[in-house]
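Please read the structure below before turning to the comments.
Bear in mind these aren't lab numbers, they're just calculated from the coordinates by the rules spelled out. Since we're looking at a predicted model, the values are computed, not measured. Positions of Cβ are generated from backbone atoms using ideal geometry, with glycine treated the same way; all protein chains shown enter the neighbour counts.
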Amino acid sequence: MLIAIFTILVLQLIGEALQKYFNLSIPGPVIGLILMLLTLMMTNSKQLNMLAPLRTNIINTSETLLSYLSLLFVPIGVGVVMHLQLLEMQLLRILVVILIGTMSTMIFTSLVFSKISSTRAGD
């Protein structure tokens, strides 16, 4: 488990370093996740079969960490409660942003689904 956590943190560190060095607009942890995806895809190949235990270990550790993900929302909840007055003052703006964001996500998702469905229907 420690090797898997070390691997995850090293890939995040590499992502942060790449983001800072190349001055990218993509956050470092996202770059680290992409590197993790590439690592998992490479360890799944037959040429790198010796790394299969590392892949399994990373997957098991990630599932364990995800089971405790809800604990990360506690500080956010405390922050929201501490700033209720500010939220009340900006309530209309917040609701408009939530409504527009939700509607645009639904429209975009339906357009992508429609495009994919029509492409597969033509196969």
Rounded to the nearest 10, the angle in degrees between the Cα long axis of helix 91-121 and the longest principal axis of the Cα atoms of the chain comes to 50
For Met36, Met50, ascending order of other Cβ atoms within 10 Å (fewest first) is Met50, Met36
Diffing the range 83-88: the Karplus 3J(HN,Hα) column from phi (6.51, -1.76, 1.60, θ = phi - 60°), in whole Hz with x for Gly and Pro, holds 10, 4, 5, 5, 5, 5
Exposure proxy check on Glu16, Glu88: fewest-to-most Cβ neighbours within 10 Å is Glu88, Glu16
Dividing the helical contributions, -39500 (n - 2.57) per DSSP H run of n ≥ 4, by the residues of the chain yields a 222 nm value, nearest 500 deg cm²/dmol, of -27000 deg cm²/dmol
Where a ≥ b ≥ c are root eigenvalues of the Cα gyration tensor, a/c under 1.5 meaning rounded, otherwise prolate if a/b exceeds b/c and oblate otherwise, the range 77-123 counts as prolate
Out of Ser117, Ile98, Met36 - ranked by how far each Cα lies towards the positive end of the dipole of the chain, with unit charges on the beta-carbon of charged residues - the top one is Ser117
Between the Cα axis of helix 2-22 and the main Cα principal axis of the chain, the angle (0 to 90°, nearest 10) is 60
In terms of the alpha carbon gyration tensor, root eigenvalues a ≥ b ≥ c, rounded if a/c is under 1.5 and otherwise prolate when a/b exceeds b/c or oblate, the range 19-83 is oblate
Ranked on Cβ counts within 10 Å of their own Cβ, fewest leading, Arg120, Arg55 go Arg120, Arg55
Pseudo-spin-label distance Leu66 to Ser25, built 7 Å along Cα→Cβ, given in nm, is 3.0
The Cα extents of the chain along the principal axes, largest first and rounded to whole Å, are 57, 50, 34
